[in-house]
Every structure is written in structure tokens, then in C-alpha cells.
Amino acid sequence: MKFCLLINAAKQWPTTLQQALPLARAMAAEGHAVNAVFLYGEAVKLIEHPKLLKAWQQWQQHSGARLLLCSTQLQHWHIEVDSKPPGFEVVGLAALTQAMEQADRTVELA
């Protein structure tokens, strides 16, 4: 089965991102695929958290999943994207819709 993960985290965004990574790994271990991880809300602050950022980048290199940062949320939180981290794409909500259409299921973590 193919999954799309929507991480729509608020104040506890580091905890949500820490919990989402083992879920993504477990999905792969069970033979499932994650086609995309869409970071929305405060979850886009991941790019300012070096330890979490590195963990997600390593996972992305092994999984091949798309790591998508919501451009609107980056602007909202005044996060510069001039030097976006490797493995990430800055996208709009249309990319989330496309990832959801290409997946069998979407899982939202908040």
C-alpha cells in the first residue's frame, strides 16, 4: 500500500516529527511505501532543527519519498527558503493534493 503523510503539527511540532519518523520506517518495514511527506503548520520549522532535519534527510535518501515543505507556511513563519535543505521541495497545496491522489491512503499527524 502507498501512503502520503501529512504532518500538520502545532506547538508540539518537534514531538510530532519525532513520532512520525518511526511510523514512516515501520510502514516500509511492513512492505508499504510512503510517496510523500507534506510538512504543514509549524512542522515546516523542521528546517531550523538540525538534528531532526538530518534524521528526515537520511530517511528520505533510503525511501525515495518526496519531502514537501508548504511554501505558504514557510512565509507565515518567516522562514527563508533561499537555501532549502537537500532532499526537500518547497511546494504549494496542489502538490499535497497530487501526493494524496497518488497514494492509497493519507495519514495526518497533528
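Coordinate-derived values only; no laboratory data. What you see is a predicted model; the values in this text were computed from it and never measured. Please note: Cβ atoms are built from the backbone with ideal geometry, for glycine as well, and neighbour counts cover all protein chains shown.
Return yes when GLY41 is surrounded by 14 or more Cβ atoms within 10 Å (Cβ to Cβ) and on the phi > 0 side of the Ramachandran plot and no when it is not.
Details: surrounded by 14 or more Cβ atoms within 10 Å (Cβ to Cβ): yes; on the phi > 0 side of the Ramachandran plot: yes.
In short, yes.
Please pick out the residue among GLU108, GLU89, GLU101 that is part of a strand (DSSP E or B) and farther than 24 Å from LYS11 by Cβ.
Numbers: GLU108 fails: farther than 24 Å from LYS11 by Cβ; GLU101 fails: part of a strand (DSSP E or B).
One residue alone meets the criteria, GLU89.
Return the pairs, sorted by first residue and then second, in which the second residue is assigned to a helix (DSSP H, G or I) and aromatic (Phe, Trp, Tyr), the first residue lies in segment 73-95 and is on the phi < 0 side of the Ramachandran plot and without any contact (Cβ under 8 Å) to a residue 60 or more places away in the chain, the beta carbons are less than 8 Å apart, and the residues are 6+ apart or on different chains.
Cβ pairs passing all conditions: none.
Filter segment 91-110 for residues that are closer than 20 Å to GLU48 by Cα and surrounded by 15 or more Cβ atoms within 10 Å (Cβ to Cβ) and give the result.
From segment 91-110, those closer than 20 Å to GLU48 by Cα are 91-92, 109-110; that's our starting set.
Scanning segment 91-110 gives VAL91, LEU109.
Output the residue which, of all residues in segment 1-42 that are assigned to a helix (DSSP H, G or I) and touching a residue at least 60 places away in the same chain (Cβ under 8 Å), is farthest from HIS76 (Cα to Cα). So that I can check it myself, show each step before the final result.
Going residue by residue through segment 1-42, those that are assigned to a helix (DSSP H, G or I) are 13-29, 42.
Next cut, touching a residue at least 60 places away in the same chain (Cβ under 8 Å) only: 16, 19-20, 23.
Numbers: THR16: 20, GLN19: 24, ALA20: 23, LEU23: 28 Å.
Applying the filter and picking the extreme gives LEU23.
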